[in-house]
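Structure first, commentary second.
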Amino acid sequence: MKKDLKIALFGCGTVGSGVHELLRTEGARMARATGFNLSVAGICVRDPEKERGVPVPHDIITTNGGPLLDDPDIDIVVELIGGEEEARGIIARALVNGKNVVTANKLVIARHLPYLRRLEELHGGRLFYGASVCGSIPILKVIDETLIVDRITHLRGVVNGSTNFILSRLAEGCSDAEALELASANGFLEADPTADISGADAAHKLSILAFHAFGRHVPPEAIDTTGIERVTALQVEQARASGKTIKLVAEAAETNGELRLSVAPRLVDLNDPLASVRDEMNIVELQCEGVGTQRFSGKGAGSIPTANAVLSDLTDILARRRYQRSHADRICIPQGTFPDCGRSPAHDRSNTSRTIGV
Ligand SMILES: NC(=O)c1ccc[n+]([C@@H]2O[C@H](COP(=O)([O-])OP(=O)(O)OC[C@H]3O[C@@H](n4cnc5c(N)ncnc54)[C@H](OP(=O)(O)O)[C@@H]3O)[C@@H](O)[C@H]2O)c1
């Protein structure tokens, strides 16, 4: 592999600008650690005139991403535009062109993971999406490594920072309106907060976690999901009076081969480790047959924690790692998930048995 690698950055918003800045400030350190120099050769955005808040060379900004995706000099595509169709198209085209791809897009990964993993196998690039689940917590790598020698039977966590921030304020006695206002003022609510409040964002992350932990793709729409819309300040107060609190809990368990996934507000004892995770923090708890219970917590969102996860994925590409493949044969593929393929990859087993450890 050549030593100077070029990145095309799609999106330079909250996460993209953080990635550009971290590469600028920490690039030399990464080069010393990995032996590779990474440079951003192109940045695709919607509005080329927008102020980015970090130093970004104007001459590499474009609104036309196609040439970057087809440019043989671009080695790595980092997709951070959000949304579904355009982002899926960028990731798929980059993979078909044999490029390595890093994305933080949980919606695209949760809905299209089997298809994208198949493109990865067919065309030789590598796809990493650690930043799409729980920001700075390297939970997908932990799960992959755990599965080399152990088995996960149960997984649960608080994986949405926005709703955890709101529930934390309610637990402190804020009214519903005050909690929402504080979440918005602190940048923890999207312009359209529906995906967070409805539990859909947590379901996307749970789908990805379950794919790694249990080797099955359960589309987020198939996950039993309840959001926090109906949780009131009064309910949180009543929970506190009985020594409990309310958390939006994402949970997956495999019993006798049956996999159950759910996202819902749950009453949690105050001495439960999930109760101690406050504000925008996330936690994931794994119950393993061999090593028992393990917990991982950290910042689940924000510019620098998420950008940090993207750079960690870039480092994995430089180290020629991949996610585990040992469970590929167990992928459960829903109809209509493969719009770009002539036939369902479920029927093309020619290249699925490879197991490449992280
Ligand atoms: N924010 C977080 O804390 C966080 C955490 C984990 C994962 N993520 C994921 O990271 C991704 C990016 O999130 P973000 O918060 O950085 O979003 P954002 O602040 O809204 O930034 C989106 C960027 O993408 C650009 N863009 C949007 N549509 C485009 C298109 N069709 N073509 C070219 N550029 C386009 C925008 O360009 P302009 O600037 O010109 O408008 C902007 O620079 C999302 O998938 C999100 O779910 C975010």
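The values are calculated or read from the model by the stated rules, or taken from the named source; none is laboratory data. Computed from a predicted model, the values in this text were never measured in an experiment. We place every Cβ from the backbone using ideal geometry, glycine too, and count neighbours over all the protein chains shown. Just the protein is used for accessible areas: all its heavy atoms, side chains included, with ligands, DNA and RNA removed. Shrake-Rupley method; radii C 1.70, N 1.55, O 1.52, S 1.80 Å.
By average Cβ neighbour count within 10 Å, what is the ranking of 266-278, 87-99 from highest down?
On the way: 266-278: 16.0, 87-99: 21.4.
Result, highest mean Cβ count within 10 Å first: 87-99, 266-278.
If packing is taken as the mean number of other Cβ atoms within 10 Å per residue, what is the order of 41-52, 196-207, highest first?
Top to bottom by mean Cβ count within 10 Å: 196-207, 41-52.
Kirkwood hydrodynamic radius of the range 167-244 from all distinct Cα pairs, in Å? Each step should come with its number before you reach the end.
Values: mean 1/r = 0.0707 Å⁻¹.
It works out to 14.1 Å.
Any idea what the relative contact order of the range 139-299 is, in percent, if you count C-alpha pairs under 8 Å spaced at least 6 apart?
The value is 34 percent.
Can you give the extra length, in nm with one decimal, that the chain gains between Glu84 and Ile304 once fully stretched, where that is 0.36 nm per residue apart less the Cα-Cα distance? Walk me through the numbers before you get to the answer.
On the way: separation 220, 0.36 × 220 = 79.20 nm, distance 2.28 nm.
So the chain would gain 76.9 nm between Glu84 and Ile304.
Label Arg240 and Gln294 with points 7 Å out from Cα along Cα→Cβ: what is the distance between them in nm?
3.5
Per-residue accessible area for Leu234 at 1.4 Å probe radius, Å² rounded to 10?
Only protein atoms counted, so the area is about 110 Å².
From the P(r) of the chain, could you give the percentage of C-alpha pairs in the tail past 27 Å?
47
For the chain, what is the mean residue ellipticity at 222 nm derived from helices alone (per DSSP H run of n ≥ 4: -39500 (n - 2.57); sum divided by total residues; nearest 500 deg cm²/dmol)?
About -11500 deg cm²/dmol.
How about the range 108-179: which trypsin sites (Lys or Arg not before Pro) there lie in a loop by DSSP and see at most 14 other Cβ atoms within 10 Å?
Those satisfying the criteria are Arg151.
Using 18 Å as the Cα-Cα cut-off, could you pick out the over-long pairs in Lys205/Lys247; Lys6/Lys141; Lys6/Lys205; Lys6/Lys299; Lys99/Lys141; Lys99/Lys205? List each step's numbers first, then the result.
Details: Lys205/Lys247 16 Å; Lys6/Lys141 25 Å; Lys6/Lys205 29 Å; Lys6/Lys299 29 Å; Lys99/Lys141 21 Å; Lys99/Lys205 25 Å.
Cα-Cα > 18 Å for Lys6/Lys141; Lys6/Lys205; Lys6/Lys299; Lys99/Lys141; Lys99/Lys205; rest within.
Suppose every K and R has +1 on its Cβ and every D and E has -1 on its Cβ; what is the size of the dipole of the chain about the Cα centre, in Debye to the nearest 20?
1160
Where only protein heavy atoms count, and the probe is 1.4 Å, what is the accessible area per residue for the chain in Å²?
Numbers: 15630 Å² over 358 residues.
Here the per-residue accessible area is 44 Å².
Could you run the Debye sum over the Cα atoms of the range 195-294, one equal point scatterer each and no solvent, and tell me log10 of I(q)/I(0) at q = 0.10, 0.21 Å⁻¹, two decimals?
With one equal scatterer per Cα and no solvent, log10 I(q)/I(0) is -0.30, -1.17.
Round to a whole number: what % of the accessible area of the chain belongs to carbon and sulfur, probe 1.4 Å?
Summing carbon and sulfur atoms, their accessible area is 49 percent of the total for the chain.
Checking the cross-link filter: which aspartates and glutamates have an alpha carbon closer than 18 Å to that of Lys50, excluding same-chain neighbours under 8 positions apart?
Filter leaves Glu21, Asp59.
Applying 1/(1 + (r/R0)^6) with R0 = 22 Å to the Cβ-Cβ distance of Asp192 and Glu172, what FRET efficiency is obtained, to the nearest 0.05? Numbers along the way, then the final one.
Working: r = 26 Å, r/R0 = 1.18.
Result of the calculation: an efficiency of 0.25.
On a full-extension model of 0.36 nm per residue, what is the gain between Asp269 and Val149, subtracting their alpha-carbon distance, rounded to one decimal in nm? Can you show the working numbers first?
Values: separation 120, 0.36 × 120 = 43.20 nm, distance 3.17 nm.
Full extension from Asp269 to Val149 adds 40.0 nm.
Rounded, prolate or oblate for the range 89-198? Axes are the square roots of the Cα gyration tensor eigenvalues, ordered a ≥ b ≥ c, and the cut-off for rounded is a/c under 1.5.
Taking the square roots of the gyration eigenvalues as a ≥ b ≥ c, the range 89-198 is oblate.
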